[in-house]
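Undergrad: Here's a structure for you.
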Amino acid sequence: MPSTMMHLLAAHDLWPDGGDGWFLGNILPDAIDTDRAFKDHLHFRDLPEAQRPAALRRFAAEKLDLSKPFDLGVYFHFFLDLKWDAGPQKRHKETYTGECWFLDYRREITEAGYYIARTESWARPLWERLRRPEPRLYENTIGMPEKDILAFLEYHYGEATSGKPGPSAAFPPALVDAFCRDAAEEFARTK
């Protein structure tokens, strides 16, 4: 999966005026911290890669109201995850020569996120609003506990406003920007 800031960058590319509900939908599916099996199931990681796109479309049809910005954001979140996992993440895993590709991967996407937060003029004002949102903005929590949502937002607010530099060597800005833009364009064509 991409970092939280990558999700926000792609969401901003697709619908910069989508409102806070839209942006929350794009990041809150990652707020599940206490139940890894549920998170993996929610992200379709318990299915073979080839079955995930169809499962996502079924999920969107059965569980989401795509006329609501939050629900549309949730759909785009999972769409972006599928694209990222099959592309940049997979390439990183296949080419990494160290001891633990996943730890390196997490460090690299965090660095990429720091860079986005530091260089995008909309990032800090957005996080100031998202830090403590009105619960009505994220009504369809699809099983995410409220305490996890609030802890997630507070943690990522701190990360996004920390001023840590980035960028990532494995996922440089040009790669991240092109990926997010291309995914946003594809989603707009196919949703």
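Undergrad: Give region 1-44 a look and list any residue that's outside any helix (DSSP H, G or I) and either in contact (Cβ under 8 Å) with a residue 40 or more places away in the chain or in contact with a helix residue (DSSP H, G or I) (Cβ under 7 Å, 6 or more places away or on another chain) (or both), or say none.
TA: MET1, PRO2, SER3, TRP15, PRO16, GLY18, ALA31, ILE32, ASP33, THR34, HIS43, PHE44
Undergrad: Let me ask another. Residue check: is GLU49 at pLDDT 95 or above, loosely packed, with under 15 Cβ neighbours inside 10 Å and farther than 18 Å from ALA10 by Cβ?
TA: So GLU49 fails the test.
Undergrad: Something else: Got a number for residues in region 90-111 being within 20 Å of ALA31 (Cα to Cα) and crowded, with 16+ Cβ neighbours inside 10 Å?
TA: Final tally of qualifying residues: 5.
So that you can scan it fast, the table gives a plain yes or no per residue for (1) in contact (Cβ under 8 Å) with a residue 60 or more places away in the chain; (2) assigned to a loop (DSSP other than H, G, I, E, B); (3) under 26 Å from PHE59 (Cβ atoms); (4) touching a helix residue (DSSP H, G or I) at 6+ places or on another chain (Cβ under 9 Å):
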| site | (1), (2), (3), (4) |
| --- | --- |
| TYR75 | yes, no, yes, yes |
| LYS83 | yes, no, yes, yes |
| LEU103 | no, no, no, no |
| THR110 | yes, no, no, yes |
| MET144 | yes, yes, yes, yes |
| ILE149 | yes, no, yes, yes |
| ALA174 | no, no, no, no |
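Undergrad: So which residues in region 158-174 are surrounded by fewer than 19 Cβ atoms within 10 Å (Cβ to Cβ), within 22 Å of ARG124 (Cα to Cα) and either of a type outside the set (S, T, N, Q) or touching a Gly at 6+ places or on another chain (Cβ under 6 Å) (or both)?
TA: If the condition is that a residue be surrounded by fewer than 19 Cβ atoms within 10 Å (Cβ to Cβ), within 22 Å of ARG124 (Cα to Cα) and either of a type outside the set (S, T, N, Q) or touching a Gly at 6+ places or on another chain (Cβ under 6 Å) (or both), then GLY158, GLU159, GLY163, LYS164, PRO165, PRO172, PRO173, ALA174 are the ones that fit.
Undergrad: If I filter region 4-14 for residues that are surrounded by 15 or more Cβ atoms within 10 Å (Cβ to Cβ) and either at pLDDT below 95 or of a type in the set (S, T, N, Q) (or both), do I get at least one hit?
TA: Checked region 4-14: at least one residue is surrounded by 15 or more Cβ atoms within 10 Å (Cβ to Cβ) and either at pLDDT below 95 or of a type in the set (S, T, N, Q) (or both).
Undergrad: In region 178-190, is there at least one residue being within 25 Å of LEU56 (Cα to Cα), among the hydroxyl-bearing types (Ser, Thr, Tyr) and in contact with a Leu (Cβ under 6 Å, 6 or more places away or on another chain)?
TA: No, that holds for no residue.
Undergrad: Which is modelled with pLDDT under 95, surrounded by fewer than 14 Cβ atoms within 10 Å (Cβ to Cβ) and more than 19 Å from PRO2 (Cβ to Cβ), of PRO125, PRO135?
TA: That would be PRO135, the only listed residue that is modelled with pLDDT under 95, surrounded by fewer than 14 Cβ atoms within 10 Å (Cβ to Cβ) and more than 19 Å from PRO2 (Cβ to Cβ).
Undergrad: Can you name every residue in region 151-172 that is in contact with a helix residue (DSSP H, G or I) (Cβ under 6 Å, 6 or more places away or on another chain) and among the small types (Gly, Ala, Ser)?
TA: ALA160, GLY166, SER168, ALA170
Undergrad: Can you pull out the residues in region 45-73 that are of a type in the set (Asp, Glu) and outside any loop (DSSP other than H, G, I, E, B)?
TA: GLU49, GLU62, ASP71
The values are calculated or read from the model by the stated rules, or taken from the named source; none is laboratory data. Please read these numbers as outputs of a predicted model, since none were measured by experiment. Cβ atoms come from the backbone with ideal geometry, glycine included; neighbour counts cover every protein chain shown.
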